[in-house]
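Heads up: the structure comes next, in structure tokens.
The values are calculated or read from the model by the stated rules, or taken from the named source; none is laboratory data. Remember, it's a predicted structure, so these values are computed and weren't measured experimentally. Glycine gets a Cβ as well: all are built from the backbone with ideal geometry, and neighbour counts include every protein chain shown.
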Amino acid sequence: MNSLTNLLKINYPIIQGGMGNISNAILTAAVSEAGGLGTIGAGTMTPAEVEEIIKETIKRTDRPFALNVALTVSPYVREILSLVKKYTIPIVSLSAGNPAPFIPKLHEQGAKVLTVCASVKQAKKAEAAGSDVIVAEGYEAAGINSALETTTLVLIPQIVEAVNIPVVAAGGIGDGKGVASMLALGASGVQMGTRFIATKEAPFHDKYKQKIIEASDHSTLIVGRSVGRIRRVLGTDYARKLLSYEEKGISLDDFNRLTSEEFHRVGALDGKEGEGFMNGGQIAGLITDIPTVQQLMDRMINDAKKQLEHAFLLFK
Ligand SMILES: Cc1cc2nc3c(=O)[nH]c(=O)nc-3n(C[C@H](O)[C@H](O)[C@H](O)COP(=O)(O)O)c2cc1C
């Protein structure tokens, strides 16, 4: 147990990051049941759609879970956050925007707040606004990324130095060695997205899972740099098509349309890699199997312990 697991009332310091629109109650509940923290990703879903997933998650687990709201992505921030009180959701993760206007009310409702940050400045502001935990996400991560392009390895120790609340490392973690390394850098836990795609419970198309397994260390691409809307995706035909549009010149509106949730679903849930995109992080190259969530988390914790013991012996 550490400050993070005590605060969130979880057994393992492993969080499944929100995956807007496409992850579901089964994955969220499986991670929480396995001792970590599962997260519902609100994405652009309507409040009614999010409410259904919350109800289904509560049916499947009585352990803590989180609700992620990407503040500049969701058109329904306030309505969705009102569900926190209605369902006594214990933990809220806020990303892609300024959390300050929302934190006091969430605290009044008894929720702990995690804020996803990509710089020391953002982390300090989130701490000053009352955030309970910083999720520090590096440029290796899948999905929408910060234009600052700072990697996890350098981001974590700098944020750990700068704030006095627990820091969770996100971006590029996929096994026990990754967990051990982030703990050694001063993080209190990890958040993963890409590794959880290739699990039995994840509701994604088999072709998506297979693409993660087949990925090498350079199988992801950054799209959207030309319009300032950076996203890390698997290097599929669709991703290459987006890059060719960017080379010719594409407007932000057109880029946003082509990377909207409609095209996310086509790639991730329908498995049509030429017609929709698949978010993917650089750690995909390390992933070679599709375990259950419980198998994955037990293995990661055992391997992290071994790795830390090994490192300790080297210094004895
Ligand atoms: C399919 C997918 C969708 C994602 N959607 C969101 C989202 O809606 N909100 C958010 O804060 N992060 C989102 N992320 C990022 C994850 O929550 C997590 O922080 C990130 O994947 C960690 O890096 P990793 O992919 O290297 O493990 C998404 C990631 C994936 C793989």
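Can you tell which of 281, 267, 271, 276 is crowded, with 17+ Cβ neighbours inside 10 Å, without any contact (Cβ under 8 Å) to a residue 40 or more places away in the chain and within 22 Å of the chain's Cα centre (by Cα)?
Result of the check over 281, 267, 271, 276: 276.
Any chance region 242-265 includes a residue that's among the aliphatic types (A, V, I, L, M), under 26 Å from residue 96 (Cα atoms) and touching a Phe, Trp or Tyr at 6+ places or on another chain (Cβ under 6 Å)?
Looking for residues that are among the aliphatic types (A, V, I, L, M), under 26 Å from residue 96 (Cα atoms) and touching a Phe, Trp or Tyr at 6+ places or on another chain (Cβ under 6 Å), one finds none in region 242-265, hence no.
Any idea which of (1) within 18 Å of the chain's Cα centre (by Cα); (2) part of a helix (DSSP H, G or I) is the one residue 180 doesn't satisfy?
(1)
Do we have any residue at all in region 121-138 that's surrounded by fewer than 19 Cβ atoms within 10 Å (Cβ to Cβ), closer than 25 Å to residue 268 by Cα, away from the ligand (no atom under 13 Å from the Cβ) and touching a residue at least 24 places away in the same chain (Cβ under 8 Å)? First the steps, then the outcome.
Pass one, region 121-138, residues surrounded by fewer than 19 Cβ atoms within 10 Å (Cβ to Cβ): 121, 124-125, 128-130.
Pick out the ones that are also closer than 25 Å to residue 268 by Cα and you get none.
Within region 121-138, none of the residues are surrounded by fewer than 19 Cβ atoms within 10 Å (Cβ to Cβ), closer than 25 Å to residue 268 by Cα, away from the ligand (no atom under 13 Å from the Cβ) and touching a residue at least 24 places away in the same chain (Cβ under 8 Å).
Does residue 148 count as assigned to a strand (DSSP E or B) and over 21 Å from residue 12 (Cβ atoms)?
Answer is no for this residue.
Looking only at region 183-210, filter to residues that are crowded, with 23+ Cβ neighbours inside 10 Å and assigned to a helix (DSSP H, G or I); which one of those is farthest from the chain's Cα centre (by Cα)?
Ranking the candidates gives 208 first.
Looking only at residues in region 152-174 that are closer than 23 Å to residue 285 by Cα and more than 15 Å from the chain's Cα centre (by Cα), which one is farthest from the ligand (Cβ to nearest atom)?
Top of the filtered list is 154.
Could you please find all residues in region 291-302 being more than 15 Å from the ligand (Cβ to nearest atom) and in contact (Cβ under 8 Å) with a residue 60 or more places away in the chain?
Correct list: 291, 292, 294, 298, 299, 301, 302.
Within region 187-198, identify whether any single residue is of a type in the set (A, V, I, L, M, F, W, C), out of contact with any helix residue (DSSP H, G or I) (no Cβ under 8 Å at 6 or more places or on another chain), modelled with pLDDT of 95 or more and away from the ligand (no atom under 12 Å from the Cβ), and answer yes or no.
no
Among the residues of region 1-16, which ones are more than 16 Å from the ligand (Cβ to nearest atom) and either free of Cβ contacts under 8 Å to residues at least 24 places away in the same chain or among the hydrophobic types (A, V, I, L, M, F, W, C) (or both)?
Residues satisfying the conditions are 1, 6, 7, 10.
Quickly run through region 17-49 and pick out the residues that are touching a Leu at 6+ places or on another chain (Cβ under 7 Å), buried (at least 24 other Cβ atoms within 10 Å of the Cβ) and either touching a residue at least 60 places away in the same chain (Cβ under 8 Å) or assigned to a helix (DSSP H, G or I) (or both).
Listed by number, the list holds a single entry, 31.
Take the residues in region 95-118 that are part of a loop (DSSP other than H, G, I, E, B), touching a residue at least 12 places away in the same chain (Cβ under 8 Å) and more than 15 Å from the ligand (Cβ to nearest atom), then tell me which one is farthest from residue 75 (Cα to Cα).
To start, the set of residues in region 95-118 that are part of a loop (DSSP other than H, G, I, E, B) comprises 96-102, 109-111, 118.
Keeping just the survivors that are touching a residue at least 12 places away in the same chain (Cβ under 8 Å) gives 96-100, 102, 109-111, 118.
If we keep only those that are more than 15 Å from the ligand (Cβ to nearest atom) too, we end up with 100, 109-111.
Details: 100: 18, 109: 22, 110: 24, 111: 22 Å.
Selected residue: 110.
Exactly one of (1) without any contact (Cβ under 8 Å) to a residue 40 or more places away in the chain; (2) out of contact with any Asp or Glu (no Cβ under 8 Å at 6 or more places or on another chain) is unmet by residue 305. Its number?
Status for residue 305: all satisfied but (1).
Just checking, how many residues over region 50-88 are in a loop (DSSP other than H, G, I, E, B) and within 16 Å of the ligand (Cβ to nearest atom)?
The number of residues fulfilling the criteria is 6.
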